[in-house]
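Each value in this text was obtained by applying a stated rule to the coordinates, not by laboratory testing. Note that the structure is a prediction, hence the values are computed from the model and not measured. Cβ: placed from backbone, ideal geometry, glycine included. Neighbour counts: every protein chain shown.
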Amino acid sequence: MNAIYGLYNTPDAAQRAFDGLRAQGLPTRGISIMSSEPLEEWEFASHDHETVMPWIAVIGGGLGLTVAYLLTAITQEVWPINTGGMPIVTNWTNIIVMFELTMLGAVLATVFTLFMTARLPRKLPQLYDPAISNGRILIGVANPQDSQLDGIERVLVSTNAEIVRKLG
Amino acid sequence: MADRLASDLLRPVFQTTGKFYALVAVLGGIVLCGAAAWGYQLYYGFGVTGYNWPVYWALHETNFVFWIGISHAGTLISAILRLVNATWRRPVTRCAEIITAFALMIGAMFPIIHLGRPWLAFFLIPYPSERGIWPNYRSPLVWDFFAINTYLLSSLLFLALPMIPDFALIRDRAAGLRKKVYSLLSMGWQGTPKQWHRLESAMHIMALAILPIAVSVHTIVSFDFSMAVVPMWHSTIFGPYFVAGAIFSGIAALIVVMALLRKALHLEAYLLPLHFENLGKLLLLMSLLWGYFVFNERLTVWYGNSPHEMNVFWSTQTGDFAPFFWTMVLCNFVIPFPLLAIKKLRSISTAVIASCCVVAGMWLERFLIIVPSLARKSTSYSWGTYTPEWTEIIIMVASFAAMALLYVLVSKLVPIISIWELKVGEHPKSKVPAVVREEETTAAGELL
């Protein structure tokens, strides 16, 4: 993998680098950003907000509800208890099981969506620097075109990157 | 700043002192004694305990309800504070969520400990079998199975997900085997804006989902009692009464744990007097709410004047159980109220004293809900009494030691305060308006 990145001490410096790279014609999605904390107050880290996670949670809840209804109702029909004329399928009491499994379905669907969308778990990609854990912010470009490389490096250096590194 | 935070909060993970090993040895020893007492109970049968007709639910059930109540310290409080965006929550949430996970595990052990033949515990799992054991969805014990497991699983995920970025911090600082372990635990976390946003969205949704789950868990635990036509159990107030009591004892436990962690891990710069004051105010509110519920419950029984219920009522007001009842009132209301309400008296020490009283008081409350009602059942020929034997007492003490041991061990594995959440709390407000750029029109398939 080819990559070039700079490490920044402050979000303001990282923002300048981000603006500079965009001015070079790089699309926002082509710029890699990594930090040890969410920096949503800064524009460079505030994209990628749209998500259908809440809807998937709702679908997960619906699936949980369906499973719970089938589990309770079918089992009560197949292995009936002698209820002395009372209903065999007792929806009032089954509501409790249905509620729990609905919520469990929603929670599991949320976690599943998180893992899928954040691409976890996976092997730590090459474009990463342990200095991020010391509070540095990584701004870089993965697999840049050769014609872009000099311009990117110039931006990273001119925006006071603490370190500029090339991979590959 | 980031370096200072990380070095302060990761110090317990990377540095191990002799005190740690000594504490693990002592606590581990007590837990082993508890395991031995359980083994003794298993070998010789329930005759070695104080359980006897008609009191077949006693100390183990008290501990079950108590620990499930304590579990409300964490995830529920953390979820509420997260949803209302209480910024002071940041150093508190993980301490609280850890309590939930361990308290639920310990609490869920007690129904199994109570079984004479725990190797048949799988009978509790509602699956159909041809041996005449029906999955009875009408039973509150089956509801417990679903509620407790849902809450436990949700709480573990709610605790574990925000740990991933902190695992990545440890991964980047560690070497050797530790690095390999934390590389696995951090799952390749990089800290891209997308990952951060998805994590925060997931936490928000889970907080919304966990609130009703937490309320349902203790309501369902209360159904274990209120669904039975036993004097002073068969009450519609039990659901909210149990939930309020659980949150009350949970906050108290959280304050005690936070004070211990503050001292032991030198977290004075992070767990501030403000946190204790705010939690103290919540504790005060819950103390008042608890008093309100107790008054309601007692007044209704007294006014109704049903002979069966009055037998239980008077046994707790002036009879055998009266010393426990009035100690409970002292611990849950009389002592905490002035300590937490009078501004001049408010301090970390008084919050801890009040909390210790509440933890003891709430344990007594659980005991008083369970035992007197069984000891004074409807017909006087079925009256009895209960005195715990050493086996139950040792198992109970061991459960407290197990909680402490698990906490000590987990403080070696993860930072007890979420580092990244603390860093977010130190950001200047609204540096640049967060604008989602027009050019970022994404196809539906990419939304994920």
Computed on Cα atoms only, the convex hull of the protein assembly as shown has an orientation-averaged projected area in nm² of 31.8
Charge tally for neighbours of A:I96 with beta carbon under 14 Å away, counting Lys, Arg as +1 and Asp, Glu as -1, is -2
Listing B:F295, B:F102, B:F20 by rising number of other beta-carbon atoms within 10 angstrom, fewest first, gives B:F295, B:F20, B:F102
Computed Rg/Rh for the range A:19-97 (Cα atoms; Rh = Kirkwood radius) stands at 1.45
A student applying the Cα gyration tensor rule (rounded when a/c is under 1.5; otherwise prolate if a/b is larger than b/c, oblate if not) would label the range A:6-52 oblate
The relative contact order of the range B:7-128, taking Cα pairs under 8 Å that sit 6 or more residues apart, comes to a percentage of 26
Most exposed first, judged by fewest Cβ atoms within 10 angstrom, A:T51, B:T387, A:T66, B:T49 run B:T387, A:T66, A:T51, B:T49
Scattering profile of the range B:1-73 from the Debye formula, Cα beads only, expressed as log10 I(q)/I(0) at q = 0.19, 0.20, 0.23 Å⁻¹, is -0.97, -1.01, -1.07
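In the neighborhood of A:I139, defined by Cβ-to-Cβ distances under 13 Å, what is the net charge if each Lys or Arg adds +1 and each Asp or Glu adds -1?
-2
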Note on chain A: contact order normalised by length, alpha-carbon pairs under 8 Å, 6 or more apart, percent, works out to 53
Taking a straight Cα-to-Cα line shorter than 17 Å from B:K344, and setting aside same-chain aspartates and glutamates fewer than 8 residues away, one finds B:E277
Computed on Cα atoms, the radius of gyration and Dmax of the range A:121-168 in angstrom are 12.0, 36
Counting only DSSP loop positions in the range B:268-361, the GluC sites (Glu not before Pro) whose Cβ has at most 13 other Cβ atoms within 10 Å are B:E268
Expected sort for A:W79, B:W196 with the fewest Cβ neighbours (10 Å cutoff) up front is A:W79, B:W196
Taking only the alpha-carbon atoms of chain A, the convex hull volume per residue, in cubic angstrom, is 147
So, with points 7 Å from each Cα along the Cβ direction, the B:T318-B:L153 label distance in nm works out to 5.2
Rounded to two decimals, the Rg over Rh value of chain B from Cα coordinates and the Kirkwood Rh reads 1.00
Rounded to one decimal in nm, the spacing of the 7 Å Cα→Cβ label points at A:M1 and B:L115 is 4.8
Mean projected area, convex hull of alpha-carbon positions in the range B:187-324, reported to one decimal in nm², is 12.8
Rounded to 0.05, the calculated FRET efficiency for the beta carbons of B:A25 and B:S349 at R₀ = 35 Å is 0.75
Between B:T236 and B:R178, the FRET efficiency computed from the C-beta separation at R0 = 60 Å comes out, to the nearest 0.05, as 0.65
Both in Å, the radius of gyration and Dmax of the C-alpha trace of the range A:66-118 are 15.3, 54
Around B:F248 (Cβ within 14 Å, Cβ-to-Cβ, excluding B:F248; K/R +1, D/E -1) the net charge comes to +1
Simple spin-label estimate for A:E162/A:H49, 7 Å along Cα→Cβ, in nm, reads 2.9
Between A:L124 and B:E200, the FRET efficiency computed from the C-beta separation at R0 = 25 Å comes out, to the nearest 0.05, as 0.70
Among B:K343/B:K423; B:K19/B:K423; A:K123/A:K166, the pairs whose Cα-Cα distance exceeds 22 Å are B:K343/B:K423; B:K19/B:K423
Percent relative contact order for chain B, counting Cα pairs under 8 Å at least six residues apart, stands at 30
